[in-house]
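The values are calculated or read from the model by the stated rules, or taken from the named source; none is laboratory data. Since this is a predicted model, take the numbers as computed values, not measurements. Backbone-built Cβ (ideal geometry, glycine too); neighbour counts: all protein chains shown. Ligands, DNA and RNA are stripped out before the accessible areas are found, and what is left, the full protein with its side chains, is counted by its heavy atoms. Shrake-Rupley method; radii C 1.70, N 1.55, O 1.52, S 1.80 Å.
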Amino acid sequence: MPLPMIKNTKILKVYDTAKTSFWFTPCLILSLTILSCISLLLIDLYAGLNSLNWLNFLYHADASITRDLLTTVASSVMTVVSITFSITIVALTNASSQFGPRLIRNFMEDSSTQVVLGIFISLFVYCLILVRTTDDFAGGAFLPGLTIAGAILMTMFGILLLIYFIHHVSLNLQSDSVIDNVYKELQDSINQIFKQQKEEEDTCSSRNKSQTQESTQTENNKQFNFKSHSCGYIQAINYSDLTDLMCKLDGHLNITVNPGDFVVNRMIVMKSDIENFSEEDKQTLHECFTLGPKRTPIQDPEFAVHQLVEIALRALSPGINDPYSAIACIDKLTATICDLTQKNFPEGITYDEEGVERVTYKTTSFETLANIAFDQIRQYSQSCLAVRLRQLEGLIRIAEQANYATHWSFVRHQKLMIEHGLEQQQLIDLDRKEVSIRLQALSKLLDNA
């Protein structure tokens, strides 16, 4: 289910937790497999398929041999399950050491790994059920042939699945694949968040804007400050419920924190011009904030940007020393920023049905996302000229698509910072020429802005 279709932030958190777990999908597949096994057994018992001549090869077999075959398959599958888990753990360990512990989430979110684990475990349980069933029928002339055929087909499919899994893990451990997967998640996260905000803006555009301007709340001298009851990262905020509550109370609410921010106990997270709230209303307001021990991309477009930056910083560390991965991250970040130059960022205000401003909240901005993408990489690449040159090339691409003063301001600021850092280095003539070519091209674009 796409995240924008889910409005309740509590359900969003549960959905995100299940999506990034190794238990939900395997348990779901296991349940479906058990139901399928029971259904096939019932068909074998009551459908009378054993009387059909063209299915004789399924129903006239030796029970003991069949049971031995199923026992062998079950033990072999259990060995494959242990190997699969071992490969998965090795992949997670490698991802944590090379790309950063926060990238483990992306590997756990991989649906292919979850499905493979679920199918192998399901095949093992399926064979165990059949072993017990063939034992019951061993004294008679009847065997659940259709169900046994299902076990054989699942075993053959499992062999192909094991080959696919090894190939899939080998691809996923390559740095270019990891970077591209994070980039796609960043694109999806940004598109989902902007889509939600566009829907809210379209709803607001149908209201009486003149009335909105006249009825905008002004801050009173006395405000009611809401303090956090716990500490953690804000994973999601239910703006819809907050707006409905403020509409019912005829007040205005100012949210001072953003999804992705870390809050501590007794930290002010909201301010309202309503001086008195009932305990029930206070509880409702606090329940609109979903906190957790880590950041998630549910409502936080900065999350995936930080992931790409982290990969680049680790690649630039002396222990890894992989500037090519850092350059790949810069290319993806540049592409993201170029896309952001074509988007209109939200104003951070929600309205009720009458067009009255009810909730004001912090939103991300172009400058914030762009500076996150460039600042730390620029600071950590003092000794890597190739990375600095690629950042200058990225700024040229961004400048070619810049539309607003904030875009030009960002490009100009980053150019000055990179130029200042390069002046502190002793460059040979050829390197200085490469730098000069890019700086001149960037300066020309800035002069024409």
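For ILE83 and SER278, the FRET efficiency from 1/(1 + (r/R0)^6), where r spans their Cβ atoms and R0 equals 56 Å, is about 0.45. Electrostatic bookkeeping for LYS294 treats Lys and Arg as +1 and Asp and Glu as -1; over the other residues with beta carbon under 9 Å from its beta carbon, the sum is +3. Helix 366-380 and the longest principal axis of the C-alpha atoms of the chain enclose an angle of approximately 80°.
Counting only heavy atoms of the protein chains and using a 1.4 Å probe, ARG358 has close to 10 Å² of accessible surface.
Using a Gaussian network for the chain with springs between C-alpha atoms less than 10 Å apart, which of these wobbles most: GLU419, GLU280, GLU434? Looking only at GLU419, GLU280, GLU434, the largest GNM fluctuation is found for GLU280.
The calculated FRET efficiency for the pair TYR164 and GLU287, based on their C-beta separation and a Förster distance of 35 Å, comes to about 0.20. Within the full protein context, the accessible area of GLU423 is estimated at about 120 Å² for a probe radius of 1.4 Å.
Accessible area per residue for region 275-343, computed on protein heavy atoms with a 1.4 Å probe, is 41 Å².
Over every Cα atom in the chain, the radius of gyration and the widest Cα-Cα span, Dmax, amount to 29.3, 92 Å.
Using 29 Å as the Cα-Cα cut-off, could you pick out the over-long pairs in LYS332/LYS444; LYS227/LYS343; LYS13/LYS362; LYS227/LYS332?
As for pairs spanning more than 29 Å Cα to Cα, those are LYS227/LYS343; LYS227/LYS332.
To the nearest ten degrees, helix 111-136 and the longest principal axis of the Cα atoms of the chain are 20 degrees apart. Within region 297-449, all pairs of alpha-carbon atoms sorted by distance into 5 Å bins from zero give the percentages 1, 8, 18, 19, 19, 13, 8, 5, 3, 2, 1, 1, 0, 0. For the pair ASP62 and THR406 in one chain, pulling the backbone fully straight at 0.36 nm per residue adds 116.0 nm over the alpha carbon distance.
Each residue, SER240 and ALA386, gets one label point 7 Å from its Cα in the Cβ direction; the gap between the two is 4.9 nm.
Rolling a 1.4 Å probe across all protein chains gives HIS420 an accessible area of roughly 100 Å².
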